[in-house]
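The values are calculated or read from the model by the stated rules, or taken from the named source; none is laboratory data. No experiment lies behind these values; they were computed from the predicted model shown. Cβ atoms come from the backbone with ideal geometry, glycine included; neighbour counts cover every protein chain shown.
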Amino acid sequence: MEDPRPLSVAEFLAWEARQMSNHELIDGVIVTMSNPTKAHGRLVRRLNRAIDAAVGDDCDVYAGDMTVRIEGVERDSAPRPDIVVTCDEFDRHAGDGAERTISRPKLVVEVLSPRTAAADLGAKLRNYFSIPTVEEYLLVDSRTRAVSLYRRVDGEVVATWPDPIVLTSIGCEITVETLYADIALPAAE
């Protein structure tokens with residue numbers, strides 16, 4: 001799709017529904033999602049299990065299959081995070097075309113790869129925290145044992161590099177050692 005103007009979330013979702021591969025909308029621009037590595041997949045599965053166990057039936061947890069609607073900023077975005085948690089009744093029971101999107105996430109998790117790191121640490125960080133319900137944004141590196149957690153504290157976004165990883169928004173804790181155990185990471189260049 002060659003369109004020089006930024007797309008809205010609605011335009012993107014209509015276009016994306018006709019595609020055979022997955023895409024995101026970042027600041028009005030379509031981005032093709034890359035295929036994950038084995039390390040990426042294992043990290044997502046481990047985090048998803050821990051998060052799902054922590055929230056039980058109080059929230060909905062989606063791993064890579066839900067788009068987050070970010071509207072009302074300079075340019076719309078519709079990222080598809082590796083994991084997103086919503087506890088909001090609007091998201092949990094939304095119909096009328098909203099069955100593929102989340103508007104009020106509580107926790108967002110992205111597993112970094114070389115291709116996505118710049119957007120995950122830049123535009124997505126800024127855009128996710130433009131949503132008032134987002135309490136935490138967890139970034140997990142798939143190339144090295146590195147985790148960063150961004151949390152809303154007194155109206156400010158504060159970054160930490162925790163071990164253990166304590167997700168206060170949902171009452172979940174996992175150590176970095178447990179998260180990365182037996183995962184083969186790429187050799188340092």
Margin query: Being under 26 Å from Pro6 (Cβ atoms), more than 11 Å from the chain's Cα centre (by Cα), at pLDDT below 95 and surrounded by fewer than 20 Cβ atoms within 10 Å (Cβ to Cβ) narrows it down to one residue among Ser77, Ser34; which is it?
Written below: Ser34
Check: Only one of (1) β-branched (Val, Ile, Thr); (2) surrounded by fewer than 18 Cβ atoms within 10 Å (Cβ to Cβ); (3) in contact with a Leu (Cβ under 6 Å, 6 or more places away or on another chain) is not met by Thr101, so which one is it?
Finding: (3)
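With Leu107, Leu112, Leu179 as the choices, which residue is touching a Lys or Arg at 6+ places or on another chain (Cβ under 9 Å) and either in contact (Cβ under 8 Å) with a residue 60 or more places away in the chain or aromatic (Phe, Trp, Tyr) (or both)?
Leu179 is the lone residue from the list that is touching a Lys or Arg at 6+ places or on another chain (Cβ under 9 Å) and either in contact (Cβ under 8 Å) with a residue 60 or more places away in the chain or aromatic (Phe, Trp, Tyr) (or both).
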Checklist line | Every residue from the range 52-72 that is in a strand (DSSP E or B) and among the acidic types (Asp, Glu) | finding: Asp60
Check: Which members of the range 131-172 meet the condition of being in contact (Cβ under 8 Å) with a residue 12 or more places away in the chain, of a type in the set (D, E, K, R) and either buried (at least 19 other Cβ atoms within 10 Å of the Cβ) or not in a loop (DSSP other than H, G, I, E, B) (or both)?
Finding: Glu135, Glu136, Asp141, Arg151, Arg152
